[in-house]
Protein chains: 2
Amino acid sequence: MAETDALSAPSHPLIASDRIEGTAVFDASGKRIGAIKRLVIEKISGQVVYAVTAFGGFMGAGSETYTIPWEQLRYDTKLHGYHTTITAGHLRQAPEFSRRDEALLSGHERQQLNDFYAEPMP
Amino acid sequence: MAETDALSAPSHPLIASDRIEGTAVFDASGKRIGAIKRLVIEKISGQVVYAVTAFGGFMGAGSETYTIPWEQLRYDTKLHGYHTTITAGHLRQAPEFSRRDEALLSGHERQQLNDFYAEPMP
């Protein structure tokens with residue numbers, strides 16, 4: 001088996017930190033809507049706290065990057081990717097800082113993001 | 001600030017999954033003994049379960065790879081790296097499968113590894 005396969009086998013319950021990029025994200029109906037670019041981890045606890053995710057970009061259009069809280073992702077062992085109930089409506093109203101790709105969030109920004117996605121969309 | 005810095009600032013409590021490689025590992029006396037190659041994460045919980053770490057190799061000698069349980073690492077916010085009480089004696093007796101670099105561990109191997117490092121060295 002090639003090294004890449006052994007470190008990112010879709011059916012394995014574990015994944016290596018350097019093989020996370022490209023993991024699929026699905027909407028509530030099971031449609032593929034994005035892919036994880038990176039996970040961000042708390043250095044002390046070793047817990048993932050959010051995912052930087054590229055949404056869209058599958059029909060020739062460009063993708064857009066949004067940071068979403070880990071709590072909004074549920075791993076689906078059949079689809080080998082993450083389900084989310086986040087909608088296009090959420091993303092349109094997401095805080096501006098969560099559209100940046102180039103920096104780690106502050107504690108205040110993390111709280112703001114959790115609160116934003118915890119609210120149901122009208 | 002360059003993108004690399006913003007995603008791996010040493011003093012920030014978070015780190016991006018694609019910036020983990022090279023994080024330092026120190027022994028009980030504070031001497032640098034290795035560097036993390038990758039963390040391995042549970043897909044469902046988002047919890048880091050072990051670290052694939054290169055030990056040695058700082059004085060021109062080659063480094064050797066060992067998988068060590070997350071419980072054996074403590075983040076040190078002053079040193080910007082992980083402390084471990086694992087010794088050269090441990091590594092010499094470590095299970096053979098934990099010296100492989102190319103595969104994810106099974107549940108049985110994880111348990112065996114946790115048990116091995118939980119025992120104090122004679």
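Laid out as a table, the results:
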| quantity | calculated |
| --- | --- |
| Subset of the range A:54-86 [hydroxyl-bearing (Ser, Thr, Tyr) and surrounded by 13 or more Cβ atoms within 10 Å (Cβ to Cβ)] | A:Ser63, A:Thr65, A:Tyr66, A:Thr67, A:Tyr75, A:Tyr82, A:Thr84, A:Thr85 |
| Restricting the range A:95-120 to residues that are of a type in the set (Gly, Ala, Ser) and at pLDDT 95 or above, the residue that is surrounded by the fewest Cβ atoms within 10 Å (Cβ to Cβ) | A:Gly107 |
| Filter result (among the basic types (Lys, Arg) and within 20 Å of B:Thr67 (Cβ to Cβ)) within the range A:10-51 | A:Arg19, A:Lys43 |
| Scan of the range A:79-118 for residues that are closer than 30 Å to A:Pro13 by Cα, more than 14 Å from chain B (Cβ to nearest Cβ) and either among the aromatic types (Phe, Trp, Tyr) or in a loop (DSSP other than H, G, I, E, B) (or both), ordered by number | A:Thr85, A:Ile86, A:Thr87, A:Phe116, A:Tyr117 |
| Residues of the range A:69-101 classified as hydroxyl-bearing (Ser, Thr, Tyr) and without any contact (Cβ under 8 Å) to a residue 12 or more places away in the chain, total | 1 |
| Answer residue from the range B:1-33, given it is aliphatic (A, V, I, L, M) and more than 24 Å from A:Ala24 (Cβ to Cβ) and is most open to solvent (accessible area, probe 1.4 Å) among those | B:Met1 |
| Of all residues in the range A:34-51 being more than 7 Å from chain B (Cβ to nearest Cβ) and either open to solvent by less than 10 Å² (accessible area, probe 1.4 Å) or part of a loop (DSSP other than H, G, I, E, B) (or both), the one that is farthest from B:His80 (Cα to Cα) | A:Gly34 |
| The range B:5-28 residues that are more than 20 Å from A:Lys37 (Cα to Cα) and in a strand (DSSP E or B), paired with ones that are open to solvent by 20 Å² or more (accessible area, probe 1.4 Å) and not hydrophobic (A, V, I, L, M, F, W, C) (beta carbon under 8 Å, 6 or more apart) | B:Ala24/B:Arg32; B:Ala24/B:His80; B:Val25/B:Arg32; B:Val25/B:His83; B:Phe26/B:Arg32; B:Phe26/B:Asp76; B:Phe26/B:His83 |
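The values are calculated or read from the model by the stated rules, or taken from the named source; none is laboratory data. If you're wondering where the values come from, they're calculated on a predicted model, not measured in any experiment. Neighbour counts are summed over all protein chains in view; Cβ atoms, including those assigned to glycine, are modelled from backbone coordinates with ideal geometry. Accessible surface areas use protein heavy atoms only, side chains included; no ligands, DNA or RNA. Shrake-Rupley method; radii C 1.70, N 1.55, O 1.52, S 1.80 Å.
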